[in-house]
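The values are calculated or read from the model by the stated rules, or taken from the named source; none is laboratory data. Note that the structure is predicted; figures quoted are calculated from it, not measured. Note that each Cβ is placed from the backbone with ideal geometry, even for glycine, and that neighbours are counted across all protein chains shown. Ligands, DNA and RNA are stripped out before the accessible areas are found, and what is left, the full protein with its side chains, is counted by its heavy atoms. Shrake-Rupley method; radii C 1.70, N 1.55, O 1.52, S 1.80 Å.
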Amino acid sequence: QVQLVESGGGLVQPGGSLRLSCVVSGRSISDAILRWYRQAPGKQRELIAPRIVNGITTYTESEEGRFFMSRDNTKNAIYLQMNSLKPEDTAVYYCYMPRYDKWGQGTQVTVSA
């Protein structure tokens, strides 16, 4: 069975940066679809990028230029680099592997002065 573990969240001031990691165990992520989601209190979980396949990432317009996604197949991990963070980015961030319908536990990102 596959397991997804996120890390790298924390409390940062507006304008700061964080790099989130999602390490997958049990299965190779090579050529697999992996996605980042986030969920703020009182809101539904939202997709950050539609897909990550072979290192190719698609962003929403509001996130473009601030959020950057990548993967390292050797480490069996995907990453989310977040720059110029805003209070509106505060949420629990999750990684998801559709093939096995597996979610990580999430990592909390709080942007506040």
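Brief remarks follow.
- At a probe radius of 1.4 angstrom, the accessible area of the chain per residue rounds to 54 square angstrom.
- Reachable lysines, given that their alpha-carbon falls under 29 Å from the alpha-carbon of Lys43 and they are not under 8 places away in the same chain: Lys86, Lys102
- Alpha-carbon radius of gyration plus Dmax, which is the widest Cα pair, for region 1-48 in Å: 13.5, 38
- Assigned charges on the beta-carbon of Lys, Arg, Asp, Glu; the chain dipole about Cα centre (debye): 260
- Residues whose placed amide H lies under 5 Å from that of Trp36, excluding near-sequence neighbours: Ile48, Ala49
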